[in-house]
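Structure first, commentary second.
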Amino acid sequence: MTVPIPPLTDRPAGTRLTSDMYRQDVTTTATFLTKPPVFLSVQTAAQSIGNTTVTSIAMNSTVVDSYNGHSDTVNNTRYAPPIAGWYLLIGSVSFAVNATGNRLCEFRKNGSGATLALGQGAMPTTDIGNNPTPRTMTIAQFNGTSDYVELVAFQSSGGALNTVPSQSGFAAIWMHA
């Protein structure tokens, strides 16, 4: 569902303001600006991440999705921002305790093999003995129609590791047109 940002109306000087005009010019825009797209989803079931395999993280419990950009059952690794603009993306993936290798997470746009923001996409964890939880944050632009974003994880422990669901999540907040 594509939702446009309410336009600012330029009315000629001396135009008599009616209740419909006020609703269109002020109320609709103010409502959007006070209730912009916000998304937060978390895992409620562990997910196995294979050794040295980049894996999209399934988010199966939506906390808030004000403009319906995510489904907990269909393509539940994706958030499709429904309004064009710049979004703040925040994600974390917690792994089961294992003292070997690295843990990373990053955002990818439209399934591409490159990180969304070069140099900002992945943060290796140094605390691999206690439920390591790498986090990532970036700002990215989306077209509001066909773009989507996924939180992906990578680990190199030597074998598959499960995520820790209560500590793995993904948020997106609309910032600017």
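The values are calculated or read from the model by the stated rules, or taken from the named source; none is laboratory data. All values reported here derive from a predicted model rather than from experimental measurement. Reconstructed Cβ throughout: ideal geometry from the backbone, glycine too, with neighbour counts over all protein chains shown.
Things to note:
- Looking across region 6-22, just one residue is surrounded by 12 or more Cβ atoms within 10 Å (Cβ to Cβ) and modelled with pLDDT of 80 or more, and that is Met21.
- Scanning region 121-155 for residues that are modelled with pLDDT of 80 or more and part of a loop (DSSP other than H, G, I, E, B) yields a total of 7.
- Positions within region 47-83 being over 14 Å from the mean Cα position of the chain (by Cα) and small (Gly, Ala, Ser), in sequence order: Ser48, Gly50
- Residue check for Gly69: of a type outside the set (Asp, Glu) and closer than 22 Å to Arg103 by Cα: no
- Number of the exception - Val26 against (1) part of a helix (DSSP H, G or I); (2) surrounded by 15 or more Cβ atoms within 10 Å (Cβ to Cβ): (2)
- For region 139-177, the set of residues classified as under 12 Å from Pro81 (Cβ atoms) and hydroxyl-bearing (Ser, Thr, Tyr) consists of Thr145, Ser146, Tyr148, listed by residue number.
- The number of residues in region 51-85 being aromatic (Phe, Trp, Tyr) and at pLDDT 95 or above comes to 1.
- Qualifying positions in region 55-68 - out of contact with any Leu (no Cβ under 9 Å at 6 or more places or on another chain) and at negative phi: Thr55, Ala58, Asn60, Ser61, Ser66, Tyr67
- Within region 156-177, the residues that satisfy the criterion of being touching a Lys or Arg at 6+ places or on another chain (Cβ under 9 Å) and not in a strand (DSSP E or B) are Ser156, Ser157.
- Residue satisfying condition, being in contact with a His (Cβ under 7 Å, 6 or more places away or on another chain) and either part of a strand (DSSP E or B) or surrounded by 12 or more Cβ atoms within 10 Å (Cβ to Cβ) (or both), within set Phe39, Phe32: Phe39
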